[in-house]
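Report on one structure; see the data block that follows.
The values are calculated or read from the model by the stated rules, or taken from the named source; none is laboratory data. Since this is a predicted model, take the numbers as computed values, not measurements. Heads up, the Cβs are rebuilt from the backbone with ideal geometry, glycines too, and the neighbour counts pull from every protein chain shown. In case anyone asks, the SASA skips ligands and DNA or RNA and just uses the protein heavy atoms, side chains included. Shrake-Rupley method; radii C 1.70, N 1.55, O 1.52, S 1.80 Å.
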Amino acid sequence: MSFRDNLQHLRASRNMTQEQLAMLLGVSRQSVTKWEAEKSYPEMDKLLKMCQIFGCTLDDLVQGDLTSRAPEPEVTVPAGPPTDVCGYDEHQRMMAWKVPTGIAAILLGIAIGLFFEGAVELASVGARDGLFVIIVLAGVLAGLAFLIPAGMEHAAFQRAHPYVEDFYTEDDRLAARKAFSGGLIAGIAFIFAGIGCLIMLEKTAENIALFFLMFFIALGVWNITHYGMLLGRIDVAEYNRSVGEELEVEEIVAVELDDARREALLATKRADRKIGAICGAIMIVATIVGLGLLFAPVLTSANPDEFEPLGTSAAWFWVTWPVGGMICGIVTLLMRAFGKDE
């Protein structure tokens, strides 16, 4: 019995369409069509994932005969509009908790450090009390304990699911926008509350004032980041586009996608590399111009032997980098807009 016959039967036994299987595997529908037409063959990781989905061994799937297996209606994939069969929404919600929590942990570490600064006599580190530095480092470690695993999980999810079909409804989008509006207002309110505490307590209890400032800033940042990520998750098209930026060219070529979508991802990758090269050149030119302004001798008196760098405290040198950054931003926007038009 062939792999094609087994795959077709297993799909039929669960009333699963090619699109639904493709989403579960993180490939395009055209890839599943080619497998079932024996025009191509899935990679090993896709075969192993199929074994998990259908509850069979690799040998049975590839070389055995599974066409006699009875239908399994209790595990069928629901028909109808696109559904989240690859766990995209759950993954993005997890990210919307871990990333803001990691950032907030770092800010809370600073807040606690400010509160206890000077409470115990420790050797100073730079211009700060040693206890403050220890607490801040502990907060950074706590934050990284959330941020690093979240980043690794997201990278793994992108490799496993380089393309996700948009399944969100207009009601989902409306709810996400409303939630973001509330989270943004609450976040700004927390930050204002921290500033108010600083103003009221700065003269009487500076440590407490700084603690409440950073504490409320942490709450505000958590709210804004959390609800911002929940809003961003409904932009599935942006997720699909970002895969082209995160994956290397070799990974994109190896991904089971139809030719048009693979070429679109490669085009995005090429465009990003072109933008990076142009922006790099702009910043190099800006640095050269800045160094020229810094060291170019300017005649400041009638004596030709008296020279000094241009500008007070070489201010012009530092101006060239922000200007270069703004030019890079403009170039990036124009090139992305032009690319979309193409």
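Quick notes on this one:
- Heavy atoms of Tyr41 accessible to a 1.4 Å probe, total area in Å² rounded to 10: 120 Å²
- Of the trypsin sites (Lys or Arg not before Pro) found in region 158-245, those that fall in a DSSP loop while having at most 11 other beta-carbon atoms within 10 Å are Lys203.
- Coupling constants for region 61-70 follow from the phi torsions by the Karplus curve (6.51 cos²θ - 1.76 cosθ + 1.60, θ = phi - 60°), and in residue order they are 5, 8, 10, x, 10, 9, 6, 8, 5, 6 Hz; glycine and proline get x.
- Vicinal HN-Hα couplings computed from phi for region 18-34 (Karplus, 6.51 cos²θ - 1.76 cosθ + 1.60; Hz; Gly/Pro x): 4, 4, 5, 5, 4, 5, 5, 8, x, 10, 8, 5, 4, 5, 5, 4, 5
- Between Asn15 and Trp321, the contour length at 0.36 nm per residue exceeds the Cα-Cα span by 104.3 nm.
- FRET efficiency, Thr169 to Ile284 (Cβ-Cβ, R0 56 Å, nearest 0.05): 0.70
- Stretched out straight at 0.36 nm per residue, the stretch from Ile188 to Gln8 would grow longer than its current Cα-Cα span by 59.4 nm.
- Anisotropy class of region 2-54 from Cα gyration tensor, a/c 1.5 cut: rounded
- Karplus (6.51, -1.76, 1.60) ³J(HN,Hα), θ = phi - 60°, over region 147-154, in Hz, Gly and Pro reported as x: 6, 5, x, 4, x, 5, 5, 5
- Accessible area of region 145-226 belonging to carbon and sulfur atoms, whole % at 1.4 Å probe: 72 percent
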